[in-house]
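The values are calculated or read from the model by the stated rules, or taken from the named source; none is laboratory data. Given the structure is predicted, the values throughout are model-derived calculations rather than measurements. Positions of Cβ are backbone-derived with ideal geometry, glycine not excepted, and every protein chain shown enters the neighbour counts.
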Amino acid sequence: MKPPTLVLVSNRGPLSWRHDGDRLVARRGGGGLVSGLAPLVEGSDARWLASALSPADAEAAALGLTEAEGLRVELVDHGADVLRDAYEVVGNSLLWYLHHGLFDLARRPSFDAAFRQTWAGFRAYNQNFADAIVATAPADSVVLAQDYHLSLLAPLVRARRDDLRIVHFAHTPFAGPELLRVLPDPYRHELLVSLASSTACAFHTARWRDAFASSCATFGIETPPLAVTPLGPDPADLEAVATGAACREAGAELDDLVGDRRLIVRVDRIELSKNLLRGFHAYDEMLAQYPQWRGRVCFAAFVYPSRETLADYAAYREETDRLVAAINDRWATPEWTPILADASDDFPRSVAALQRYDALLVNPIRDGMNLVAKEGPLVNRRDGVVVLSTEAGAWDELGAHALGVHPFDVGATADALRRALEMPEPERRERAAALRQLVTARTPADWLADQLAAAAAS
């Protein structure tokens with residue numbers, strides 16, 4: 001019996017288009033979802049539906065360009081207004097904040113007549129994807145809808161194509177009933193009912209699964225079948241980057257800057273949930289409380305801008321830059337720069353830093369998974385110690401062998417950084433080996449297989 005065709009649906013797809021003279025040419029996109037899944041579906045009959053995110057993408061969609069680099073990708077052109085409403089306003093400014101617990105409730109959010117129109121745009125965005133799925137998905141396909149942008153998708157598809165099985169995967173945390181109370185009843189009800197209309201809903205961890213189940217129970221929604229399918233990095237992909245010329249060159253440059261000092265590393269987007277400011281404050285406190293480490297450790301922060309069209313994010317980047325400058329002004333000497341900050345998005349350079357760390361700081365306020373916490377142990381060559389927030393999804397898998405920190409406890413994070421730097425070599429080796437074993441136990445292929453199994457079991 002032939003296996004079902006796989007239809008992947010995500011806002012950002014594996015290909016983006018650009019002009020090369022008079023031609024439109026495709027190039028492979030970035031991000032953990034694309035790098036993990038694209039190799040698994042290359043050359044197969046799988047279809048990938050994604051948003052047209054640029055004028056060149058929209059042109060490719062109008063021309064019906066769907067195949068490149070062994071992938072079949074259909075771009076859905078929502079139009080600028082619908083894409084803005086769905087992606088920037090409802091997605092990034094509401095649902096992202098909601099699921100990550102980022103709202104300052106004294107100020108935001110507010111729901112007025114203008115927001116009703118914005119929510120209508122979010123609904124239209126999901127409807128556009130539903131129309132594309134209904135029109136193009138082969139009979140009895142499995143549809144894998146990725147993340148909160150597609151929260152309203154399932155009932156819009158199933159109303160017209162009851163042969164399709166739809167698994168919704170949440171890459172973020174799930175808000176849980178208390179956080180969801182921020183949403184007024186009509187929006188909250190539509191969100192939960194739509195998600196619960198999926199054949200199954202899948203999450204990185206049991207914690208986020210249980211938060212969703214609790215929300216359904218609290219607000220009187222029948223809970224759908226649920227699955228826990230944690231995503232891991234692709235070892236082969238990381239190894240290819242780690243052994244490449246660009247990574248070697250970046251590693252040599254980092255060695256020249258750091259010398260024989262110990263190295264703390266973080267690799268992150270400049271994003272509110274990543275908790276950069278408290279991480280830098282913790283390093284500052286460590287230098288103040290443990291003067292023996294002044295001049296003997298560097299903090300390499302490879303953090304790149306994100307969502308700078310949102311005022312909160314632009315302000316957060318400015319505040320991050322000011323704090324890094326203040327810490328360097330406070331402690332630097334002619335021979336030593338305490339924080340080596342770089343805001344360029346350079347993946348080979350980031351991998352070189354992960355190979356070199358003695359302590360990796362991953363301290364998000366709240367995170368669905370956090371792949372950096374897994375990528376680091378996979379490529380690190382110095383038995384580096386992972387200092388990990390207990391609010392990261394990765395904590396559920398890695399916590400027994402990382403140093404746990406509460407994301408708001410700057411003093412405890414400073415102590416954990418110091419402990420990581422001073423940890424005896426036997427303990428470092430034991431922890432690092434255990435982390436590598438855990439990380440290599442799952443690949444993106446396992447993640448995909450788990451979602452297909454959830455579709456088949458329901």
Quick one: in region 142-152, of everything that is farther than 13 Å from residue 50 by Cβ and buried (at least 22 other Cβ atoms within 10 Å of the Cβ), which residue is farthest from the chain's Cα centre (by Cα)? 142
Looking only at helices (runs of 4 or more DSSP H) that lie completely in region 27-127, which have at least 2 residues being assigned by TED's automatic domain parsing to the domain that holds residue 181 and over 30 Å from residue 275 (Cβ atoms)? 32-41, 55-63, 80-83
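Matching residues to (1) part of a strand (DSSP E or B); (2) touching a residue at least 12 places away in the same chain (Cβ under 8 Å); (3) outside the structural domain of residue 208 (by TED's automatic domain parsing):
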position: 135; (1), (2), (3): no, no, no
position: 155; (1), (2), (3): no, yes, no
position: 161; (1), (2), (3): no, yes, no
position: 168; (1), (2), (3): yes, yes, no
Criterion (touching a helix residue (DSSP H, G or I) at 6+ places or on another chain (Cβ under 6 Å) and among the aliphatic types (A, V, I, L, M)) met by exactly one of 53, 49, 33: 49
I'm checking my understanding of the structure. Among residues of region 137-153 that are of a type outside the set (Gly, Ala, Ser) and not in a strand (DSSP E or B), which one is farthest from residue 394 (Cα to Cα)? 138
From the option list 104, 112, single residue qualifying as modelled with pLDDT of 90 or more and under 24 Å from the mean Cα position of the chain (by Cα) is 104
Quick check, is residue 131 under 23 Å from residue 54 (Cα atoms), in a helix (DSSP H, G or I), without any contact (Cβ under 8 Å) to a residue 12 or more places away in the chain and among the charged types (D, E, K, R)? yes
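Yes/no per residue for (1) closer than 19 Å to residue 451 by Cβ; (2) of a type outside the set (A, V, I, L, M, F, W, C):
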residue	(1), (2)
124	no, no
131	no, yes
144	yes, no
172	yes, yes
176	no, yes
Among the candidates 18, 23, 28, which residue alone is among the basic types (Lys, Arg), under 21 Å from the mean Cα position of the chain (by Cα), surrounded by fewer than 17 Cβ atoms within 10 Å (Cβ to Cβ) and more than 23 Å from residue 183 (Cα to Cα)? 28
Selection from region 198-243 of residues that are charged (D, E, K, R) and closer than 30 Å to residue 349 by Cβ: 234, 237, 239
Region 384-422, subset within 18 Å of residue 440 (Cβ to Cβ) and surrounded by fewer than 19 Cβ atoms within 10 Å (Cβ to Cβ), residue nearest to the chain's Cα centre (by Cα): 396
State all residues of region 294-311 that are touching a Phe, Trp or Tyr at 6+ places or on another chain (Cβ under 9 Å) and assigned to a helix (DSSP H, G or I); if no residue qualifies, say none. none
Of the residues in region 255-282, those that are more than 27 Å from residue 172 (Cβ to Cβ) and of a type outside the set (D, E, K, R) come to 257, 258, 259, 263
Selection from region 371-396 of residues of a type outside the set (Gly, Ala, Ser) and in contact with a His (Cβ under 9 Å, 6 or more places away or on another chain) yields 377, 386, 390, 391, 396
